[in-house]
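The values are calculated or read from the model by the stated rules, or taken from the named source; none is laboratory data. From a predicted model like this one, the values you see are computed outputs, not experimental measurements. Note that we place each Cβ from the backbone using ideal geometry, even for glycine, and neighbour counts take in every protein chain shown. Note: areas computed on protein heavy atoms with side chains; ligands, DNA, RNA excluded. Shrake-Rupley method; radii C 1.70, N 1.55, O 1.52, S 1.80 Å.
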Amino acid sequence: MSIQNELLSTIQSLVQPGKGILAADESHPTIAKRFKAVGVESTEDKRREYRSLIFSTPGLGDYVSGVILFEETLGQNSLDNVPMAKLLESQGIVPGIKVDKGKKSLINAPGDEITYGLDGLDDRLEIYKNQGARFAKWRAVYNISDSLPSRQAVTANAEMLARYAALCQSLGIVPIVEPEVLIDGDHTLERAADVNEAVIAEVFNALRRHQVQLEGIILKPSMVTPGKACAKASPEEVAEATLRVFRRVVPAAVPGINFLSGGQTPEEATANLNAINSLGRQPWNLSFSYGRALQEPAQKAWAGEPGNGHYAQNAILKRARLNGAATSGEYKADMEI
Ligand code: 13P
């Protein structure tokens, strides 16, 4: 298959009505934090057991079109001794891979961060592709305050995202472009809207500069919400603010926007996505690419006990199903019961 057809066929598999993406690509420190919250020590075997359990949930592929894996998981076999990528494919789910190396302080820009990982990325992408990954993820992180992010942070992170995306596409791998404006802080909804607009506009400037084909990417942004320490906005307010920003800065050529959950509760993330999809047809498919908002209830139900596997699978399937409904505005709060 030509590179071009490969990209478009992966986009078709990922961007499907009623389906979204599961982000199960937590780095070692992050998964250790999630496991600790449910009383589990993070060892290689425990991580394999948990992820194998989640990926083999019967029916997961009805609502999940792709799963983002961490490097370790892509190299592991499931509890039934099948490579994890093969297990996902047997569920009709496309395997993907987180390829950035995490964030560090941006020099000469106090309070800002920059994502690392471009050195040697071409070689790593070849290896991941041979292991079965068909799409990738790179996350840029923007702290928000009255003065952050700085112009340096906005332009430098956009440049990294664009170079990563161009490299992925040259190898037939669909890039998920993730500019995450953090929810931490006491900023208002209006401030979040301004920052998201500036950040995303710069990302598309950089994508254009690097000749990234917009039909062959997925955008993974934050929803526009007030900071965690500010009064909450209603799902309708979040939806209106989010779409106002996106209509201004996201070209219609982008096939899919899959939101991150970013610290929203599972119920909030579903209600907000539902409100976004209740405002009529938009140029892009609007769906989810949640980590915590899909997995938190499943991790609690599992708590490291193999005997709880069935409860964990039920919990993730429920969140996937409700978010699936939210992609067409058909979610109702009473479906939570
Ligand atoms: P959350 O939905 O937990 O924010 O995770 C999504 C993700 O992939 C962050 O990079």
So which residues in region 51-85 are of a type outside the set (A, V, I, L, M), surrounded by fewer than 24 Cβ atoms within 10 Å (Cβ to Cβ) and touching a Phe, Trp or Tyr at 6+ places or on another chain (Cβ under 8 Å)?
-> Glu71, Ser78
Six or more apart or on different chains, Cβ under 6 Å: which pairs go from a residue in region 229-245 that's under 11 Å from Ser278 (Cα atoms) to one that's assigned to a helix (DSSP H, G or I) and open to solvent by less than 40 Å² (accessible area, probe 1.4 Å)? Could you list them?
-> Pro235/Ala271; Pro235/Asn272; Pro235/Ala275; Glu236/Ala275; Ala239/Ala275; Ala239/Ile276
Which condition number in (1) more than 20 Å from Tyr164 (Cβ to Cβ); (2) touching an Asp or Glu at 6+ places or on another chain (Cβ under 9 Å); (3) of a type in the set (Gly, Ala, Ser); (4) surrounded by 16 or more Cβ atoms within 10 Å (Cβ to Cβ) is the one that Ala37 fails?
-> (4)
Which one is farthest from the ligand (Cβ to nearest atom) among residues in region 20-36 that are within 25 Å of Leu322 (Cβ to Cβ) and of a type outside the set (D, E, K, R)?
-> Phe35
Using the structure shown, decide if Glu197 is assigned to a helix (DSSP H, G or I), within 15 Å of the ligand (Cβ to nearest atom) and surrounded by fewer than 22 Cβ atoms within 10 Å (Cβ to Cβ).
-> no
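With part of a loop (DSSP other than H, G, I, E, B), within 16 Å of the ligand (Cβ to nearest atom) and out of contact with any helix residue (DSSP H, G or I) (no Cβ under 7 Å at 6 or more places or on another chain) as the only criterion, which of Gly111, Gly39, Gly117 stands out? Don't jump to the end; show me each part of the working.
Values: Gly111 fails: within 16 Å of the ligand (Cβ to nearest atom); Gly39 fails: within 16 Å of the ligand (Cβ to nearest atom).
Every option except Gly117 fails the conditions.
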Which of the residues spanning region 120-146 are open to solvent by 40 Å² or more (accessible area, probe 1.4 Å), in contact (Cβ under 8 Å) with a residue 24 or more places away in the chain and outside any loop (DSSP other than H, G, I, E, B)?
-> Asp122, Glu126, Lys129, Arg139
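Table: residues versus (1) within 15 Å of the ligand (Cβ to nearest atom); (2) more than 30 Å from Glu305 (Cα to Cα); (3) touching a Pro at 6+ places or on another chain (Cβ under 8 Å).
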| residue | (1), (2), (3) |
| --- | --- |
| Arg48 | no, no, no |
| Ser52 | no, no, no |
| Gly61 | no, no, no |
| Leu69 | yes, no, yes |
| Val99 | yes, yes, no |
| Tyr128 | no, yes, no |
| Gly132 | no, no, yes |
Of the residues in region 95-108, those that are assigned to a loop (DSSP other than H, G, I, E, B) and in contact with a Phe, Trp or Tyr (Cβ under 7 Å, 6 or more places away or on another chain) come to Val99, Asp100, Lys101, Gly102
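Which residues, counting only those in region 200-223, are part of a helix (DSSP H, G or I) and out of contact with any helix residue (DSSP H, G or I) (no Cβ under 6 Å at 6 or more places or on another chain)? Lay out the reasoning, then the answer.
Within region 200-223, the subset part of a helix (DSSP H, G or I) is 200-209, 214-216.
Listed by number, the residues that qualify are Phe204, Asn205, Arg208, Arg209, Leu214, Glu215.
Let's see how each residue does on (1) more than 16 Å from the ligand (Cβ to nearest atom); (2) in contact with an Asp or Glu (Cβ under 6 Å, 6 or more places away or on another chain); (3) among the aromatic types (Phe, Trp, Tyr):
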site	(1), (2), (3)
Ile217	no, no, no
Pro221	no, no, no
Ala239	yes, no, no
Phe246	yes, no, yes
Ala253	yes, yes, no
Gly256	no, no, no
Gly262	no, no, no
Glu268	no, no, no
Kindly check whether there is at least one residue in region 154-170 that is touching a Lys or Arg at 6+ places or on another chain (Cβ under 8 Å) and not in a helix (DSSP H, G or I).
-> no
